[in-house]
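Colleague: My structure is below; once you've seen it, I'll send some questions.
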Amino acid sequence: MDELIIARSLFGSSLGFHIIFATLGVGIPFMILIAELIYQWRKDPHYVILAKRWTKAQAILLGVAIPSGTIVAVQMSLLWPRYMEMVGEVIALPFQIELFAFFVEALFMSIYVYAAERLSPLARITSVFLVALGGTASAVLITAANAWMNTPTGFDVQGGEIINVRPLEAFFSPSFRTAASHVVASAYMTGAFAIASVAAFGMLKSRKRGTAYAAHKKALMLSLAIGGVMSLLTGWNGHSAAQVLHVHQPEKLAAAEGLFETQAYAPLAIGGVPDLDRRELVGGVEIPALLSFLATNRLDGVVKGLNEFPRETWPPFYVHTLFNLMVFVGTFLMFLALLAWMIKWKRKEKPLPRWLLWVLVGAGPLSMLGIEFGWVFTCSGRQPWTIYQYQLTSEAVTDATGLLGWFILFISLYVMLCIVTAVVMRAFFKRRPLEEELAAVGGKGETVGHE
Amino acid sequence: MNDALVAISILWLFVFMYAILGSVDFGAGFWGMVYSRRGKTRAGALANRFLSPTWEVTNVFLVLLVVTLVTFFPTAVYPIGMALLVPGSLVLLLLTFRSTFMVFQYNTDRFQEILSVVSGVTGLLIPSLLVLVLPILTGGFIDPDTGELMLGALFTRPISYAYLTFGLSSELFLSSAFLSDYSREADDDEAYRVFRNHARWLGPVALLAGITAVFLMGYEAVWLRQGIEAQRWWFLASGILFLTGYAALWIKPAHPRWSRGLPRLAFVCFIGQYALASLAYGRAHLPYMVYPDITVDAAVTNPAMFRSLLVSYAIGLAILIPGFYYFWQLFLKDKRYLHRE
Ligand code: HDD
Ligand code: HEM
Ligand code: HEM
């Protein structure tokens, strides 16, 4: 097989693996912080127990997040050395600053996990705040690097030499603001829905009058509220991200929509498969003029189609599907959260219906899929460029050979890690049932549900 | 000092910090395995107590190293990446195993046995691979046509084994010196004696291995030998610090406060010893990062980026130093943590 294809597959898989744990590393500390704050405000000990259990889960996830991140960082230099050369010259700053974010996160995570019982409440909240801040900051910073790859600025090229570097301008590249807010909102959303999934599952498995049920329900409603708000924000700034594409990476937007002809009143295409040879979208539903409106805020806005660009620089056809799926996830989960809250509101103290809980169990994995679709969409939608209009992926890759062996080795490692993580999670929480921890604090666990 | 020299000094400082922290961390993993299997659980538990909260922070130093290399010396990334693809990927695999199992070890009571073996064995293998980077950078093992590493040569020449011996004995020496100090702080006499005795025999071994490695290297790389000869006073000073520290492992002053020995003084001297030796080795290696193609002056980044990186270091350190201090207070000084059973 072609070494370039293997390098792309290896790197994409490593990132796809890292992002699972990294996203939870941004989203879950945010939820822990909120639970700690609610506890200080309402003094309901259930929230402390929840925060503690989420912290334990997060500590286990961290055991995979950190090494997988280290893998990505080192693989970046090993597989894409020409790209890293340019990174070092122009966009080194976010990578460098991200390290400080990692230090903050690692230091205070250790403090929060291993020294919690020796900390005052204020010190505890400060620690968990710094953990959440560190996670969010690393997401923003790495996104700055990715945004620069999509919309590179802050340097000039003269005779093949990079000159006149302006580090801050590179950092705040045109797509930085929208990308960073979209990434952070989607990570908070995913952390919240992941917790919602676990809570819904816990409710299905526990007795309806038990304290465990009540605590799970608090976790569920809290995470649905946060997940709902965050999915609204995600859709909102995703829309801004699409408008940035319209201006700065028009062929990516065209590929995302399967649009070939440049036109005013451009339709929004849902579903279907772009046929690159016949230059048309096969199947799919088209809503007239909506794409023009979304991209330019006016129905007669002109949106560029793929025919404007040389065939060699078209992104792969499947980015259309990835984009559709990402938008579907956001829309679906937003309505799901709303629906669940409405049902809870109508039924007052009565338990939630089981079918709803079963659907909610799927929310976390679905949200995580949304993250994966979104990232593969940006990275593949940039092809054949690694640095848009400056460096082709084929120029960035290493000359080393024999990557296939490494690919197999790393994939096996990821599979093994997934299995081991699941086993350890199960073993850990099986030995510490929620009921026992709740019983230990007593507290006002209101009993719910008198059927 | 020009940009290149400042940049390489910062990078080398991080190499040194990771070498010390990594030695202590990986060594503690190894001792943890040895002693929890031998039934001497107190020494094993002590090593593990140190390890639990610190390995994550140590790991960030490794990432710091890689990122600093990329940001300060972007054009060196390609040749170094090519040369280190195999050992680098192996380190990644092992490190992943290790970190994952470390977390799991803390969080489950089952599988303790196998978990401690994983952290112990990887604790030996990872430093071995890392120390091999030093002979690789002297150029003799890189195929000049493809830029790839000549693995056959790496595993057959005696110089590799000399570096390996040096790396492993230093790791075990430094970690036992550290753990003897740590167990003094925890008032754990049994563990203290165990680790002090290890430090006593490992010290001379590490020193001899280091001298042998440097001599053998001199045969392989004339340019490096000349550099090393020019730095002989630094090496001598490093040797003197070793002797001071080594003496401190044996002396028991009459004063009651010090009557159980001076492990803190010993460990500080050993850090100084390794710092001076690294400084001397680093100076001898200049101006090459990878002999003969990559020099620091040619590889350093542009001045604008260099300046903004320095500013980010200043701000970052101002934020982090209080964090590190707090961390140190909680895990290396607080009696409530040290005395936990
Ligand atoms: C749960 C995850 C999730 C959900 C529900 C959405 N997104 Fe998204 N999207 C991401 C997760 C994500 C992401 C993983 O965070 C990406 C990948 C790279 C990036 O910057 O964010 C992304 C990228 C991304 C981009 C590409 C930016 C670029 O390439 O520069 C666009 C245009 C959108 N999104 C638009 C949307 C719209 C209009 C959504 C409507 C609901 C939406 N996203 C939902
Ligand atoms: C958008 C994608 C990414 C996000 C949101 C993200 C976020 C994070 C977060 C939050 C962590 C901390 C782990 C945790 O708390 O669970 C982490 C770890 C890490 N990430 Fe990523 N990351 C992303 C992509 C990358 C990439 C592309 C690289 C490589 C340059 C990278 C390098 C690392 C490293 C080296 C670590 C480990 C740091 C340590 O040792 O503590 N990440 N990432
Ligand atoms: C964490 C979520 C991410 C995922 C799942 C992801 C996925 C992928 C995939 C699938 C590819 C291969 C693209 C193709 O060849 O079709 C790729 C390439 C790449 N990505 Fe990403 N990516 C992520 C984030 C990032 C970030 C944050 C950066 C940079 C800071 C980045 C930098 C790169 C580079 C340098 C390549 C190789 C060159 C190229 O194919 O353009 N990725 N990624």
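Colleague: Is it fair to say B:Gly261 is in contact with a Cys (Cβ under 8 Å, 6 or more places away or on another chain) and at pLDDT below 80?
Modeller: No: the conditions fail for B:Gly261.
Colleague: May I pose another question? Quick one: is A:Met189 more than 16 Å from ligand 2 (Cβ to nearest atom) and closer than 14 Å to A:Ala363 by Cβ?
Modeller: The answer is no for A:Met189.
Colleague: Which of the residues spanning region A:168-211 are within 14 Å of chain B (Cβ to nearest Cβ), part of a helix (DSSP H, G or I) and within 16 Å of ligand 3 (Cβ to nearest atom)?
Modeller: Those that are within 14 Å of chain B (Cβ to nearest Cβ), part of a helix (DSSP H, G or I) and within 16 Å of ligand 3 (Cβ to nearest atom): A:Ala170, A:Phe171.
Colleague: Here is a follow-up. Only residues that are free of Cβ contacts under 8 Å to residues at least 60 places away in the same chain and either among the hydrophobic types (A, V, I, L, M, F, W, C) or surrounded by fewer than 18 Cβ atoms within 10 Å (Cβ to Cβ) (or both): list them for region B:147-167, please.
Modeller: B:Met150, B:Gly152, B:Ala153, B:Leu154, B:Phe155, B:Thr156, B:Pro158, B:Tyr161, B:Ala162, B:Leu164, B:Phe166
Colleague: Restricting to region A:1-52, name every residue that is β-branched (Val, Ile, Thr), under 15 Å from A:Ile195 (Cα atoms) and within 16 Å of ligand 2 (Cβ to nearest atom).
Modeller: Residues satisfying the conditions are A:Ile20, A:Thr23, A:Val26, A:Ile28, A:Ile32.
Colleague: Okay, moving on. Can you name the residue in region A:246-283 that is among the hydrophobic types (A, V, I, L, M, F, W, C) and within 16 Å of ligand 3 (Cβ to nearest atom) and, of all such residues, is nearest to the chain's Cα centre (by Cα)?
Modeller: A:Ala256
Colleague: Hey, another quick one. If you scan region A:91-125, which residues turn out to be at the interface with another protein chain (Cβ under 7 Å from one of its Cβ atoms) and more than 30 Å from A:Tyr39 (Cβ to Cβ)?
Modeller: Within region A:91-125, A:Ala92, A:Leu93, A:Phe95, A:Gln96, A:Ile97, A:Leu99 meet the criteria.
Colleague: What helices (runs of 4 or more DSSP H) completely inside region B:84-182 contain at least 3 residues that are within 14 Å of chain A (Cβ to nearest Cβ) and at pLDDT below 80?
Modeller: The helices (runs of 4 or more DSSP H) meeting that bar are B:85-107, B:112-131.
Colleague: Would you pick out the residues in region A:139-167 that are more than 14 Å from chain B (Cβ to nearest Cβ) and within 15 Å of ligand 3 (Cβ to nearest atom)?
Modeller: A:Ala139, A:Val140, A:Thr143, A:Asn146, A:Ala147, A:Met149, A:Asn150, A:Thr151, A:Pro152, listed by residue number.
Colleague: Answer yes or no: is there a residue in region A:40-56 that is acidic (Asp, Glu), away from ligand 3 (no atom under 13 Å from the Cβ) and on the phi < 0 side of the Ramachandran plot.
Modeller: Yes, because at least one residue in region A:40-56 is acidic (Asp, Glu), away from ligand 3 (no atom under 13 Å from the Cβ) and on the phi < 0 side of the Ramachandran plot.
Colleague: Based on what the data block shows, is A:Asn150 surrounded by fewer than 19 Cβ atoms within 10 Å (Cβ to Cβ) and not charged (D, E, K, R)?
Modeller: no
Colleague: Take region A:60-86 and flag every residue that is among the aliphatic types (A, V, I, L, M) and within 9 Å of ligand 2 (Cβ to nearest atom).
Modeller: Answer for region A:60-86, where residues must be among the aliphatic types (A, V, I, L, M) and within 9 Å of ligand 2 (Cβ to nearest atom): A:Leu61, A:Leu62, A:Val64, A:Ala65, A:Ile66, A:Ile71, A:Val72, A:Ala73, A:Val74, A:Met76.
Colleague: Would you tally the residues in region A:372-418 being of a type in the set (Asp, Glu) and within 16 Å of ligand 2 (Cβ to nearest atom)?
Modeller: Of the residues in region A:372-418, 1 are of a type in the set (Asp, Glu) and within 16 Å of ligand 2 (Cβ to nearest atom).
Colleague: Looking at this structure, is A:Ala219 within 16 Å of ligand 3 (Cβ to nearest atom), touching a residue at least 60 places away in the same chain (Cβ under 8 Å), buried (at least 19 other Cβ atoms within 10 Å of the Cβ) and at negative phi?
Modeller: Considered against the rule, which asks whether it is within 16 Å of ligand 3 (Cβ to nearest atom), touching a residue at least 60 places away in the same chain (Cβ under 8 Å), buried (at least 19 other Cβ atoms within 10 Å of the Cβ) and at negative phi, A:Ala219 comes out as no.
Colleague: Among the residues of region A:96-103, is any away from ligand 3 (no atom under 16 Å from the Cβ) and more than 27 Å from A:Val198 (Cβ to Cβ)?
Modeller: Scanning region A:96-103 turns up at least one residue that is away from ligand 3 (no atom under 16 Å from the Cβ) and more than 27 Å from A:Val198 (Cβ to Cβ).
Colleague: Do you know which of the residues in region A:177-222 that are among the polar types (S, T, N, Q) and more than 16 Å from ligand 1 (Cβ to nearest atom) is farthest from A:Ala242 (Cα to Cα)?
Modeller: Among them, the one singled out is A:Thr211.
Colleague: Considering only residues that are β-branched (Val, Ile, Thr) and in contact with a Leu (Cβ under 8 Å, 6 or more places away or on another chain), which ones fall in region A:143-194?
Modeller: Correct list: A:Thr190 only.
Colleague: Being more than 14 Å from B:Leu320 (Cβ to Cβ) and either part of a loop (DSSP other than H, G, I, E, B) or at pLDDT 85 or above (or both) is the filter; apply it to region A:100-124 and report the residue that is farthest from ligand 1 (Cβ to nearest atom).
Modeller: My answer is A:Ser120.
Colleague: Same structure, new question: Just for helices (runs of 4 or more DSSP H) wholly inside region A:340-443: which have at least 2 residues that are hydroxyl-bearing (Ser, Thr, Tyr)?
Modeller: Per the criteria, A:363-381, A:393-396, A:403-431.
The values are calculated or read from the model by the stated rules, or taken from the named source; none is laboratory data. Keep in mind that this is a model prediction, so the values were computed, not measured. Virtual Cβ from ideal backbone geometry, glycine too; neighbours counted across all protein chains shown.
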